[in-house]
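The values are calculated or read from the model by the stated rules, or taken from the named source; none is laboratory data. All values reported here derive from a predicted model rather than from experimental measurement. Note that we place each Cβ from the backbone using ideal geometry, even for glycine, and neighbour counts take in every protein chain shown.
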Amino acid sequence: MAFDVKTNSLAEYWMPFTDNKGFKENPRLITQASGVYMTDHKGGKVIDGSSGLFCSPAGHCHPKIIEAVHDAMQMTTYVSPFGSSHPLSFALAEKLARLLPEDFNHVFFVNSGSEAIDTALKMVMAYHSAMGNDRTRFVSRERAYHGVNIGGVSLSGLVNNRKSFPAVMPNIVMMRHTWNADELMVRGQPQTGVELAEDLQRAVDTFGGQTIAACFVEPVAGSTGILAPPVGYLERLRQICDENGILLVFDEVITGFGRIGGKFAADAFGVTPDIMTMAKALTNGSIPMGAVATTDNIHDVISDKAAPGAIEFFHGYTYSGHPAACAAGLAALSIYEDDDMYGRAATMSPYFLDSVYQLRDHPMVKDIRGIGMAAGVELKSNGKPGQRGGQAQVDLFWNGMHVKFTGDCGILSPMFISEKSHIDEMMEKLKKTLDGLT
């Protein structure tokens with residue numbers, strides 16, 4: 001499609017999470033992409049330092065995914081998921097179940113991470129309803145990001161994601177976040193801070209464990225700038241949940257599929273939740289898709305409560321398990337396994353983190369947090385939160401690098417296909433950009 005920013009209108013598209021006025025005065029369009037590189041509308045080459053939005057570890061425009069989606073669309077472009085389906089949906093669910101922790105044998109397809117979180121909320125409610133429990137309270141964390149649908153916003157601990165939307169779900173209890181201002185430049189899991197898990201115990205003591213339905217956590221808080229859990233923190237949450245009949249939900253939308261070690265964070269940290277959400281890398285970012293996985297116990301409790309012939313779970317989306325998305329997911333998972341993407345990520349992580357932490361003494365850098373193939377580089381504020389980060393994101397683009405910023409924190413999550421030379425290029429462009437900030 002021919003498109004010229006000088007003659008084509010940019011006014012009609014209301015862009016998400018974007019300074020629309022500023023963008024349309026200085027547009028940054030991607031017209032092509034392959035591997036770790038993208039091409040902007042001026043013909044400039046842009047290296048992708050954030051795997052899109054943490055979703056394309058195998059690189060842009062992977063030919064096997066393109067071929068799989070093309071073949072699927074030759075067969076059918078749509079099948080209603082309500083009371084019918086197609087073979088690819090069952091094949092993908094089976095393939096996913098083999099990757100997941102033991103006993104996670106049931107997968108519910110959605111279209112995004114946000115939908116996955118709201119689906120998990122309803123799954124928790126349905127489970128406790130079937131059990132005859134009167135549990136209506138949920139626990140989340142400060143600085144948490146669980147998507148942008150109303151359930152996820154209710155669980156969100158990011159102020160700007162909530163302040164314009166006051167009519168959120170009631171009965172949400174917030175635990176403290178795990179970032180420690182006195183312990184900066186931590187690599188991997190912090191050795192201190194496990195006591196913060198006692199916030200869940202405090203909620204139990206205050207409200208009664210019998211009122212709490214679930215605790216939602218990102219094993220590594222991603223969108224806020226890569227906050228790894230303190231050593232023992234997730235284990236303690238699991239223990240408190242077990243002692244009080246509370247379900248533990250891991251939001252693995254960012255951490256899933258090898259980003260921080262192991263196929264999932266549950267594997268990397270050795271802590272198994274009751275429900276897991278995933279999206280992003282599920283299709284290598286090629287087709288919108290998410291999923292919620294759960295155990296035999298939760299699935300069976302909900303299903304067994306329904307009368308014979310009745311719908312077990314009154315939930316779903318028009319595009320759940322879409323043929324194109326399932327084809328992309330099957331191809332992506334095959335690529336991750338056949339090309340040992342999980343192994344590549346583990347091998348490249350030390351070099352990547354070594355490179356990022358070389359910026360620790362830069363005058364613009366306040367903190368660096370990194371684990372696996374993810375790192376947050378937090379800039380010193382200029383007194384106007386988010387302004388310096390916003391400028392850095394724009395400057396980085398024109399210096400030839402894409403990085404996702406949240407406020408003043410740039411979040412690096414390179415593709416698993418990245419070579420050391422690509423990491424070096426990213427660090428060179430990042431340093432150049434930081435040097436130019438005021």
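Residues in segment 296-344 that are touching a helix residue (DSSP H, G or I) at 6+ places or on another chain (Cβ under 6 Å) and either among the acidic types (D, E) or free of Cβ contacts under 8 Å to residues at least 12 places away in the same chain (or both): E312 only. Taking the conditions exactly as written (basic (K, R), in a strand (DSSP E or B) and at negative phi), does R388 satisfy them or not? It is false that R388 is basic (K, R), in a strand (DSSP E or B) and at negative phi. Against the test of being at pLDDT 95 or above, touching a strand residue (DSSP E or B) at 6+ places or on another chain (Cβ under 9 Å), farther than 23 Å from G83 by Cβ and surrounded by fewer than 16 Cβ atoms within 10 Å (Cβ to Cβ), the options R360, R369 yield a single qualifying residue, R360. Per the conditions (1) touching a Gly at 6+ places or on another chain (Cβ under 8 Å); (2) of a type in the set (S, T, N, Q); (3) more than 24 Å from E252 (Cβ to Cβ), the sole criterion not satisfied by S164 is (1).
Specify which of the listed residues (A72, A11, A58) is crowded, with 19+ Cβ neighbours inside 10 Å, more than 26 Å from the chain's Cα centre (by Cα) and of a type in the set (G, A, S). Let's see the steps before the verdict.
Numbers: A11 fails: crowded, with 19+ Cβ neighbours inside 10 Å; A58 fails: more than 26 Å from the chain's Cα centre (by Cα).
Only one candidate qualifies: A72.
Residue check: is A346 within 30 Å of G436 (Cα to Cα), within 20 Å of the chain's Cα centre (by Cα) and not polar (S, T, N, Q)? The answer is no for A346.
Taken over segment 343-367, the criterion of being in contact with a Gly (Cβ under 8 Å, 6 or more places away or on another chain) and either over 23 Å from G256 (Cβ atoms) or not assigned by TED's automatic domain parsing to the domain that holds F54 (or both) is satisfied by Y357, D367.
Cβ-Cβ contacts under 8 Å between residues 6 or more apart (or on different chains), taken from a first residue in segment 192-216 that is outside the structural domain of S156 (by TED's automatic domain parsing) and among the charged types (D, E, K, R) to a second residue that is at pLDDT 95 or above and not in a helix (DSSP H, G or I), are absent.
Of all the helices (runs of 4 or more DSSP H) wholly in segment 1-114, which have at least 2 residues that are touching a helix residue (DSSP H, G or I) at 6+ places or on another chain (Cβ under 6 Å) and modelled with pLDDT of 95 or more? Write out each step before concluding.
On the way: elements: 20-25, 51-54, 63-75, 87-99.
In segment 1-114, 63-75, 87-99 are the helices (runs of 4 or more DSSP H) which contain 2 or more residues that are touching a helix residue (DSSP H, G or I) at 6+ places or on another chain (Cβ under 6 Å) and modelled with pLDDT of 95 or more.
Taking segment 372-390 as the range and being under 23 Å from D40 (Cβ atoms) and surrounded by fewer than 19 Cβ atoms within 10 Å (Cβ to Cβ) as the test, only G390 passes. The criterion of at least 3 residues that are farther than 27 Å from E312 by Cβ is met by the following helices (runs of 4 or more DSSP H) wholly inside segment 123-226: 159-162, 198-207.
Being over 16 Å from G188 (Cα atoms) and of a type in the set (V, I, T) is the filter here; which residues of segment 352-388 pass it? Scanning segment 352-388 gives a single hit, V365.
If you go through segment 228-237 and keep only what is under 21 Å from the mean Cα position of the chain (by Cα) and closer than 20 Å to F138 by Cβ, you end up with P229, Y233, L234, L237.
Being touching a helix residue (DSSP H, G or I) at 6+ places or on another chain (Cβ under 7 Å) and surrounded by fewer than 14 Cβ atoms within 10 Å (Cβ to Cβ) is a property that F216 lacks. Taken over segment 71-94, the criterion of being free of Cβ contacts under 8 Å to residues at least 40 places away in the same chain and over 21 Å from F313 (Cβ atoms) is satisfied by Q74, P87. Counting the residues of segment 98-132 that are under 13 Å from D300 (Cβ atoms) and among the small types (G, A, S) gives 2. Tell me, please, whether a residue that is touching a residue at least 60 places away in the same chain (Cβ under 8 Å) and closer than 24 Å to P229 by Cα can be found in segment 122-129. Among the residues of segment 122-129, at least one is touching a residue at least 60 places away in the same chain (Cβ under 8 Å) and closer than 24 Å to P229 by Cα, which makes the answer yes.
With the condition kept exactly as written, say whether any residue in segment 345-352 is in contact with a strand residue (DSSP E or B) (Cβ under 7 Å, 6 or more places away or on another chain), free of Cβ contacts under 8 Å to residues at least 40 places away in the same chain and part of a helix (DSSP H, G or I).
Start the filter on segment 345-352 by keeping residues that are in contact with a strand residue (DSSP E or B) (Cβ under 7 Å, 6 or more places away or on another chain), which leaves none.
Scanning segment 345-352 turns up no residue that is in contact with a strand residue (DSSP E or B) (Cβ under 7 Å, 6 or more places away or on another chain), free of Cβ contacts under 8 Å to residues at least 40 places away in the same chain and part of a helix (DSSP H, G or I).
Answer yes or no as to whether T283 is at pLDDT 95 or above, hydroxyl-bearing (S, T, Y) and either farther than 30 Å from P63 by Cα or touching a Phe, Trp or Tyr at 6+ places or on another chain (Cβ under 8 Å) (or both). Criteria not met by T283.
Could you tell me whether segment 401-418 includes any residue that is surrounded by fewer than 17 Cβ atoms within 10 Å (Cβ to Cβ) and either modelled with pLDDT of 95 or more or within 29 Å of T31 (Cβ to Cβ) (or both)?
No, segment 401-418 contains no residue that is surrounded by fewer than 17 Cβ atoms within 10 Å (Cβ to Cβ) and either modelled with pLDDT of 95 or more or within 29 Å of T31 (Cβ to Cβ) (or both).
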